[in-house]
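Any read-out appearing in this document is the output of simple, stated calculations on the displayed coordinates, not a laboratory observation. Since the model is a prediction, treat every value here as computed from it, not as a measurement. Note that we place each Cβ from the backbone using ideal geometry, even for glycine, and neighbour counts take in every protein chain shown.
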Amino acid sequence: MFVDARSVDDGRVFESDVCIVGAGAAGITLALELAKAKVDVTLVESGDFQLEAATQKLYEGRVIDGDYPPIQLSRLRYLGGTTNHWGGACVPLDPFEFEAHSWLPHSGWPIGRADLDPYYERARAVIGLPRPDFRFDPAEEGAAQDPPLLGAENRDYETVIWRRPQPEPTRMGKKYRETIRSHPRIRCVLNANAIELVPGESGRAITALTARTLTGRELRFEARRFAICMGGIENARLLLASDTRIRGGIGNQNDRVGRYFADHGFRMMGKIHVTQQPAPSWFREERFWLSDPGPNATPDLVGFATRPSFRARRKLLGFSVIGHVDSGEWDDYRSEIGVQELAAASQGSGEAGKRERRVIRLYFVAEKAPNPDSRITLQPERDAVGMRKVALDLNLQERDWESVNENVRLLSTAVARSGVGRIRIVDPEGLPWCEGTGAHQTGTTRMSDDPKQGVTDRNGKVHGVENLYLCGGSLFPTAGWQHPTLTIFALSLRLADHLAGAGGAPAA
Ligand SMILES: Cc1cc2nc3c(=O)[nH]c(=O)nc-3n(C[C@H](O)[C@H](O)[C@H](O)COP(=O)(O)OP(=O)(O)OC[C@H]3O[C@@H](n4cnc5c(N)ncnc54)[C@H](O)[C@@H]3O)c2cc1C
């Protein structure tokens, strides 16, 4: 059932077994799974069924340096959350990403890939991914006869595939709206902005969540357990803002909340000019490359990533590359190609000739090293519901840029050596870390078995608080090169099992 918080009495108290805050990828998945396990849930959502400017404005905050875009642009604050404009690209984290690397301080998850394997599998059904696995198989892609590019036989790079739901990236609000409306165990309260978690006397359990509407009503949500799923920045914001009774905020006894913020570097690295004749099909065919999400979205995407062994050898951060077909820059192409190749390509005519001349822009997805000084803090300035706004300091380090530059150089050399073509590198000087919006916020409430190193334990339970759980990208200690949301879905399903079973027993 849906309830509009603006139409209930001021001071109304809602009670349930589990109170989930945030109805995006993580929150909706968790609510549906708990309801299936016969647990009564209240889902508290700031937005409505569609985007509304006044609510979206609550996401505004201060960005301390120019390397990160304004933070209200990337996240969407209504039912379905940021899945309302995500691209749907899904890929699991490699086992390597969970390991602690001696050359990368603060790396290592308290769980391994095997802990998530069953949940990655279950996540496929929630998202609606049609294909059975995340392995690139040239035969399956109709490309078995192609010369191996940087793929199978390359020691340093692997060909990777991002699966995508069809016919469009799954919009969680749209897809599950009717299920939420009709489910007897789910009550979703819209237009309710969480503003503070209220701890009991001992500070070891949460007794309530307070929320406010833009129309000024205050609501109280009481539950045996609370799960905060408000996204990578807001999860930390709520903990920090819950400081009326506990100085510094909830779960922040070791000053870890808000730290280790990360987002992928995402930028055009250059253009690839394919000179091999005929070009391998994954260069020839548009279906392998990114186009705008929507009804005409291409299906799965193919790209490249550095292999773990190569990364370990070179001490490199995660790095992958996706292409974007560039159809209209014939002149640019002509100026790039060598004279001989141009003569050869010119012999082609009509569509066939055109295809061979395709230029593909390459975008990299680069990992940022975990850094305690990359962080979210609160400012004195308040938003329209009275919550302190955030300040975000990306605090990029030399190591982040060095890894990007080295990765770009190594990949360009590998492409040239393969004989497929050449990459003309864009000069990265002065360019920001994220081109566009910034999209993959992680790390502000990282998991760790050691309360001095992280905010939650391996199940997402906040250290020192019996009944408070977090879910989403904020749990990631490191993010690799992989898009995060498949892992967020998997973590939600894992948390649902935990809360529905003995591991999630309510606080005394
Ligand atoms: C342009 C773009 C493209 C992307 N493409 C991809 C992709 O191809 N692949 C991929 O893996 N990832 C992609 N992402 C990232 C993906 O969208 C996020 O990782 C994912 O949506 C995060 O899920 P979440 O549930 O943690 O947060 P969200 O989906 O953002 O949900 C958070 C929810 O909490 C609610 N909320 C916030 N504050 C409050 C409050 N105070 N009180 C109550 N409710 C609150 C919000 O309204 C929202 O519904 C993309 C992101 C962007 C911006």
Quick note, region 410-479: a/c under 1.5 would make it rounded; otherwise a/b > b/c is prolate and the rest oblate (a ≥ b ≥ c, C-alpha gyration tensor); here it is prolate
Lys and Arg at +1, Asp and Glu at -1: neighbours of Ile28 with Cβ under 13 Å from its Cβ sum to +3
Quick calc: nm separation of the 7 Å Cα→Cβ label points for Lys174 and Arg62 -> 3.8 nm
Rounded to one decimal in nm, the spacing of the 7 Å Cα→Cβ label points at Ala53 and Glu435 is 3.1 nm
Per the rule of 0.36 nm per residue minus the C-alpha distance, extending Glu121 to Arg181 adds in nm 19.0 nm
Excluding residues fewer than 8 positions from Lys368 in its own chain, the lysines with Cα under 18 Å of it are Lys315
Filtered hits (lysines, Cα-Cα < 20 Å from Lys461, offset >= 8 within chain) -> Lys452
For Val189, the residues 5 or more places away or on another chain with a placed amide H closer than 5 Å to its own amide H are Val3, Leu43, Val44, Glu45
Taking 0.36 nm per residue of separation between His101 and Glu222 and subtracting their Cα-Cα distance, the length gained on full extension comes to 39.4 nm
Note: Ala312 to Asp450 extended length (0.36 nm per residue) minus current alpha-carbon separation gives 47.2 nm
Amide H neighbours of Ala391 at under 5 Å, excluding residues fewer than 5 places away on the same chain, with H built from the backbone geometry, are Arg62, Thr377, Leu378, Gln379
